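Comments concern the structure below.
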């Protein structure tokens with residue numbers, strides 16, 4: 001597994017070198033994961049593309065990887081290289097804004113996790129998110145701006161954060177997720193967390 005990861009790193013660096021020195025000859029890398037298909041779309045890949053299975057999870061802790069694999073569907077089951085890490089936290093609350101505010105107070109206050117290492121992900125974008133529009137109690141307001149202004153916690157929809165990562169992820173407002181994309185959105189949301197994930201669910 002480690003040899004495969006090293007080989008991919010080497011091929012990636014070779015491709016990047018080619019892109020910088022001879023862009024007209026540079027390769028195109030297409031990363032695909034049907035488990036992250038949060039839009040229900042179909043992508044036809046040209047036959048001339050070479051397939052290479054990524055079999056090592058280099059992002060998540062083992063605890064997060066264990067949770068992610070509950071939603072994983074595929075012929076190759078990835079291994080994980082990270083440390084054990086903290087188990088996923090599940091918090092049931094009727095007042096999700098209050099619960100998220102309390103989680104941020106604990107993480108960024110009591111536990112002294114840097115505010116820039118935390119992101120709040122919702123099934124909604126800013127337009128339809130009650131948590132974003134009505135605000136949170138406590139010292140840590142949300143922002144959807146990039147880069148995130150000082151003193152604020154980054155906020156995004158799950159779909160908008162696909163392909164990105166954060167040390168800590170707080171997932172919320174999941175009650176309105178479309179049934180047909182529930183597994184994919186949970187897979188994406190949880191797997192964005194490198195070290196810790198907190199899921200705030202309806203009470």
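Readers should treat all values here as calculations from the given coordinates under stated rules, not as data from a laboratory. Since we're looking at a predicted model, the values are computed, not measured. Positions of Cβ are backbone-derived with ideal geometry, glycine not excepted, and every protein chain shown enters the neighbour counts.
Computed values, structure above
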| quantity | calculated |
| --- | --- |
| Paramagnetic reach from residue 91 in region 174-199 [backbone N under 13 Å; point 7 Å along Cα→Cβ] | 197-199 |
| The chain: relative contact order in percent, alpha carbon pairs under 8 Å with at least 6 residues between | 25 |
| 222 nm mean residue ellipticity, helices alone, for the chain (DSSP H n ≥ 4; -39,500 (n - 2.57); rounded to 500) | -7500 deg cm²/dmol |
| Region 89-202 - Rg and Dmax from Cα coordinates, angstrom | 12.6, 38 |
| Relative contact order computed over region 55-104 (Cα-Cα under 8 Å; 6+ residues apart), in percent | 42 |
| Sorted by Cβ density within 10 Å, fewest first, the residues 140, 31, 52 | 31, 52, 140 |
| Cβ-Cβ FRET estimate between residue 51 and residue 139, R0 fixed at 45 Å, reported to 0.05 | 0.40 |
| Sequence of 58, 172 once ranked by neighbouring C-beta atoms within 10 Å, starting from the fewest | 58, 172 |
| Two-site label geometry, residue 116 and residue 41: point separation in nm, points 7 Å out along Cα→Cβ | 3.1 |
| Computed over the chain, Kirkwood Rh from alpha-carbon pairs, angstrom | 18.5 |
| Per-peptide average of other Cβ atoms within 10 Å, ordering 184-196, 67-79 highest first | 184-196, 67-79 |
